[in-house]
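The values are calculated or read from the model by the stated rules, or taken from the named source; none is laboratory data. Keep in mind it's a predicted model, so treat the numbers as computed, not measured. Here the Cβ positions follow ideal geometry from the backbone for every residue, glycine too, while neighbour counts run over all protein chains shown. These accessible areas exclude ligands, DNA and RNA; they are computed on the full protein's heavy atoms, side chains included. Shrake-Rupley method; radii C 1.70, N 1.55, O 1.52, S 1.80 Å.
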Amino acid sequence: MRFGWRAISGPALTAAITLLALLFDKSLTVPSPAPLFVCIVAVAGSLSGFASAATSAAIAVIGAALFLFNHGAVPGITAVDLARLGLLAMTAVGTAAITGLMRERLLEAFAAERRNHVTAARLSAALDQVDIGIVLLDAETRAEFINRAFRDYFALPDAKADGKPPFIALMYHGRDTGAFELPEDELSAFIAQRMEMVRIGDATPININLANGEVLRFVCTALPDGGRMLSYTPVTDLVRHTDTPAQADYYRSLRDPSGRKLIRYLRVAE
């Protein structure tokens with residue numbers, strides 16, 4: 001038991017109550033302080049743990065015995081008094097054990113939560129350093145975490161990203177800011193397809209072409225808790241640097257999973 005105000009407050013208060021009860025019992029009719037002792041034991045256990053509570057319980061039993069011995073017209077302890085002391089001892093020890101155990105469990109829970117918070121903060125900071133966009137969705141498809149890369153790719157303001165927007169809001173944000181390299185008449189179908197993939201947890205990789213020429217490989221991973229992890233991996237460098245710059249559109253069109261861009265490219269080439 002560490003000595004401090006928390007550790008000594010319970011035993012000190014128990015001893016003080018005992019002395020006051022013995023002092024005033026000489027001139028006044030003072031009721032038994034046993035219920036108050038049990039309360040003090042509970043407070044001592046919640047403040048400092050089992051050791052302080054057990055010490056308070058021991059002092060409480062001794063104090064109650066002294067009080068009963070001096071209480072009444074004839075000094076002494078009767079069988080009834082012994083039964084009361086036994087009941088007080090069991091109650092005080094039980095209270096000390098319960099409150100001490102509860103305090104230890106609470107401290108362990110707080111420590112684990114603190115460790116988890118530190119780990120989550122470190123993981124969040126680490127994910128902000130990678131160039132892969134990461135979005136974590138809960139079971140209701142609301143974004144619980146959006147890393148820096150995703151915010152940069154889609155020009156997503158921090159205030160909006162930190163507000164836990166639903167995935168559909170992220171898709172509409174990309175549409176409204178012109179982030180996708182798609183004609184307007186294809187955006188609705190594109191968004192509907194992404195939403196369906198996220199809803200069913202389809203892990204099929206899909207390449208997303210951005211208006212700035214970058215290409216992101218989108219993958220949806222279903223999580224055990226019903227959430228989703230969305231990753232946006234940059235794959236723009238798949239266009240070979242040694243290729244003729246005029247053919248860059250052709251190589252980008254090859255990454256279009258539906259083949260629409262390739263068809264449009266071939267029509268233009270004709």
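Return yes when V198 is farther than 17 Å from L156 by Cα and free of Cβ contacts under 8 Å to residues at least 24 places away in the same chain and no when it is not.
Values: farther than 17 Å from L156 by Cα: yes; free of Cβ contacts under 8 Å to residues at least 24 places away in the same chain: no.
It is false that V198 is farther than 17 Å from L156 by Cα and free of Cβ contacts under 8 Å to residues at least 24 places away in the same chain.
Being more than 43 Å from the chain's Cα centre (by Cα), surrounded by 13 or more Cβ atoms within 10 Å (Cβ to Cβ) and at pLDDT below 85 is true for just one of V30, V74. Which residue is that?
On the way: V74 fails: surrounded by 13 or more Cβ atoms within 10 Å (Cβ to Cβ).
None of the other options fit; the residue is V30.
Based on this model, can you work out whether F180 counts as within 20 Å of M229 (Cα to Cα) and of a type in the set (F, W, Y)?
Values: within 20 Å of M229 (Cα to Cα): no; of a type in the set (F, W, Y): yes.
Judged against the criteria, F180 is not a match.
For S9, are the conditions met, namely being surrounded by fewer than 19 Cβ atoms within 10 Å (Cβ to Cβ) and more than 21 Å from R103 (Cα to Cα)? I'd like the intermediate steps shown before the answer.
On the way: surrounded by fewer than 19 Cβ atoms within 10 Å (Cβ to Cβ): yes; more than 21 Å from R103 (Cα to Cα): no.
It is false that S9 is surrounded by fewer than 19 Cβ atoms within 10 Å (Cβ to Cβ) and more than 21 Å from R103 (Cα to Cα).
Out of region 214-241, which residues are part of a loop (DSSP other than H, G, I, E, B) and open to solvent by less than 70 Å² (accessible area, probe 1.4 Å)?
Filtering region 214-241 down to residues part of a loop (DSSP other than H, G, I, E, B) leaves 214, 223-227, 235, 239-241.
Hits for region 214-241 are E214, L223, G226, G227, V235, V239.
Residues in region 157-164: is at least one of a type in the set (A, V, I, L, M, F, W, C), in contact with a strand residue (DSSP E or B) (Cβ under 6 Å, 6 or more places away or on another chain), surrounded by fewer than 17 Cβ atoms within 10 Å (Cβ to Cβ) and within 16 Å of I134 (Cβ to Cβ)? Please lay out each step first, then the result.
Here is the first cut: in region 157-164, the residues of a type in the set (A, V, I, L, M, F, W, C) are 159, 161.
If we keep only those that are in contact with a strand residue (DSSP E or B) (Cβ under 6 Å, 6 or more places away or on another chain) too, we end up with 161.
From the residues that got through so far, the ones that are surrounded by fewer than 17 Cβ atoms within 10 Å (Cβ to Cβ) too are none.
Looking through region 157-164, none of the residues is of a type in the set (A, V, I, L, M, F, W, C), in contact with a strand residue (DSSP E or B) (Cβ under 6 Å, 6 or more places away or on another chain), surrounded by fewer than 17 Cβ atoms within 10 Å (Cβ to Cβ) and within 16 Å of I134 (Cβ to Cβ).
Inspect all residues belonging to region 146-155 and state whether any of them is in contact (Cβ under 8 Å) with a residue 40 or more places away in the chain and small (G, A, S).
yes
Of all residues in region 183-193, count the ones that are surrounded by fewer than 16 Cβ atoms within 10 Å (Cβ to Cβ) and either touching a residue at least 40 places away in the same chain (Cβ under 8 Å) or touching a Leu at 6+ places or on another chain (Cβ under 7 Å) (or both).
First pass over region 183-193, keeping only residues surrounded by fewer than 16 Cβ atoms within 10 Å (Cβ to Cβ): 183-186, 188-189, 192-193.
In the following step, the residues that additionally are either touching a residue at least 40 places away in the same chain (Cβ under 8 Å) or touching a Leu at 6+ places or on another chain (Cβ under 7 Å) (or both) were identified as 186.
Residues that pass the stated criteria total 1.
Any idea how many residues of region 33-60 are part of a helix (DSSP H, G or I), open to solvent by less than 90 Å² (accessible area, probe 1.4 Å) and within 16 Å of L107 (Cβ to Cβ)?
Residues that pass the stated criteria total 8.
Could you check region 117-146 and list, in sequence order, the residues that are farther than 21 Å from P234 by Cβ and either touching a His at 6+ places or on another chain (Cβ under 7 Å) or among the charged types (D, E, K, R) (or both)?
Of everything in region 117-146, those that are farther than 21 Å from P234 by Cβ and either touching a His at 6+ places or on another chain (Cβ under 7 Å) or among the charged types (D, E, K, R) (or both) turn out to be R122, D138, E140, R142, E144.
Of all the residues that make up region 93-139, how many are in a helix (DSSP H, G or I), open to solvent by less than 80 Å² (accessible area, probe 1.4 Å) and within 23 Å of F167 (Cα to Cα)?
Counting residues in region 93-139 that are in a helix (DSSP H, G or I), open to solvent by less than 80 Å² (accessible area, probe 1.4 Å) and within 23 Å of F167 (Cα to Cα) gives 6.
Can you pull out every residue in region 140-151 that is open to solvent by 20 Å² or more (accessible area, probe 1.4 Å) and out of contact with any Asp or Glu (no Cβ under 9 Å at 6 or more places or on another chain)? Even if it seems obvious, please write down each step before you answer.
Start the filter on region 140-151 by keeping residues that are open to solvent by 20 Å² or more (accessible area, probe 1.4 Å), which leaves 140-142, 144-145, 148, 151.
Listed by number, the residues that qualify are E140, T141, R142, F145.
Which numbered condition trips up T18, out of (1) farther than 18 Å from A97 by Cα; (2) open to solvent by 40 Å² or more (accessible area, probe 1.4 Å)?
Here T18 meets the rest and fails (2).
Go through the residues of region 62-80 one by one and say whether even a single one is closer than 20 Å to G4 by Cα, touching a Ser or Thr at 6+ places or on another chain (Cβ under 9 Å) and of a type in the set (A, V, I, L, M, F, W, C). Break it down into steps so the answer makes sense when it comes.
Step one: filter region 62-80 for residues closer than 20 Å to G4 by Cα, giving none.
No, there is no match, as no residue in region 62-80 is closer than 20 Å to G4 by Cα, touching a Ser or Thr at 6+ places or on another chain (Cβ under 9 Å) and of a type in the set (A, V, I, L, M, F, W, C).
For region 194-213, which residues satisfy the criterion of being of a type in the set (D, E) and open to solvent by 60 Å² or more (accessible area, probe 1.4 Å)? Break it down into steps so the answer makes sense when it comes.
Residues of region 194-213 of a type in the set (D, E): 196, 202.
Within region 194-213, E196 is the sole residue that qualifies.
How about region 166-182: which of its residues are assigned to a loop (DSSP other than H, G, I, E, B), modelled with pLDDT of 90 or more and buried (at least 16 other Cβ atoms within 10 Å of the Cβ)? Spell out how you get there, then give the answer.
Residues of region 166-182 assigned to a loop (DSSP other than H, G, I, E, B): 177-179, 181-182.
Subset that is modelled with pLDDT of 90 or more: 177-179.
Of everything in region 166-182, just one residue is assigned to a loop (DSSP other than H, G, I, E, B), modelled with pLDDT of 90 or more and buried (at least 16 other Cβ atoms within 10 Å of the Cβ), namely A179.
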